[in-house]
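Below: one structure, written as structure tokens.
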Amino acid sequence: MGNPLRSEVIRLYKNLLYLGREYPKGSVYFRERLKTAFMKNKDETDPEKVKKLVARGDFVIKELEALYFLRKYRTLKKRYYEPEQ
């Protein structure tokens, strides 16, 4: 039987890969940084530490979503409103 947190880590990795497609510096840059971050902690076996790392990953997902929504908002604002002076 495998580690019960393994599926959580895989889910997190897949979600971050999906969100990284629209990263401002490019998807290749994001993918390399993501792989480095996951490989750095690949040997972690303590369940509490793994849960903390997954929680941090979920926080990163929320931050990325906020970044993308802000970018979309700014684009729409530029399109429909006059620039402020």
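In the stretch 72-85, which residue that is open to solvent by 100 Å² or more (accessible area, probe 1.4 Å), part of a helix (DSSP H, G or I) and not aromatic (F, W, Y) is nearest to L5 (Cα to Cα)? Talk me through it step by step, then tell me what you get.
So the first thing to find is which residues in the stretch 72-85 are open to solvent by 100 Å² or more (accessible area, probe 1.4 Å), and the list is 72-74, 78-85.
Narrowing further to those that are part of a helix (DSSP H, G or I): 72-74, 78-80.
In the following step, the residues that additionally are not aromatic (F, W, Y) were identified as 72, 74, 78-79.
Working: K72: 34, R74: 38, K78: 44, R79: 45 Å.
So, considering only residues that are open to solvent by 100 Å² or more (accessible area, probe 1.4 Å), part of a helix (DSSP H, G or I) and not aromatic (F, W, Y), the one nearest to L5 (Cα to Cα) is K72.
Taking only the stretch 43-85 into account, find how many residues are touching a helix residue (DSSP H, G or I) at 6+ places or on another chain (Cβ under 6 Å) and either at pLDDT below 85 or of a type in the set (G, A, S) (or both).
1
Out of (1) surrounded by 11 or more Cβ atoms within 10 Å (Cβ to Cβ); (2) assigned to a helix (DSSP H, G or I), the odd one out for N3 is which?
(2)
Pairs needed: first member in the stretch 1-29, without any contact (Cβ under 8 Å) to a residue 24 or more places away in the chain; second member anywhere, open to solvent by less than 80 Å² (accessible area, probe 1.4 Å) and outside any helix (DSSP H, G or I); C-beta distance under 7 Å; at least 6 residues apart or different chains.
Y29/Y23
Look through the stretch 20-67, keep the residues that are assigned to a loop (DSSP other than H, G, I, E, B) and more than 16 Å from E8 (Cβ to Cβ), and return whichever of them is most open to solvent (accessible area, probe 1.4 Å).
So, considering only residues that are assigned to a loop (DSSP other than H, G, I, E, B) and more than 16 Å from E8 (Cβ to Cβ), the one most open to solvent (accessible area, probe 1.4 Å) is K25.
Taking the condition of being of a type in the set (S, T, Y) and either touching a residue at least 24 places away in the same chain (Cβ under 8 Å) or closer than 18 Å to P4 by Cβ (or both), how many residues in the stretch 30-62 meet it?
Restricting attention to the stretch 30-62, the residues satisfying the condition of being of a type in the set (S, T, Y) are 36, 45.
Still in the list and also either touching a residue at least 24 places away in the same chain (Cβ under 8 Å) or closer than 18 Å to P4 by Cβ (or both): 45.
Of the residues in the stretch 30-62, 1 are of a type in the set (S, T, Y) and either touching a residue at least 24 places away in the same chain (Cβ under 8 Å) or closer than 18 Å to P4 by Cβ (or both).
The values are calculated or read from the model by the stated rules, or taken from the named source; none is laboratory data. Computed from a predicted structure; not experimentally measured. Cβ: placed from backbone, ideal geometry, glycine included. Neighbour counts: every protein chain shown. SASA here: full protein model, heavy atoms, side chains in, ligands and nucleic acids out. Shrake-Rupley method; radii C 1.70, N 1.55, O 1.52, S 1.80 Å.
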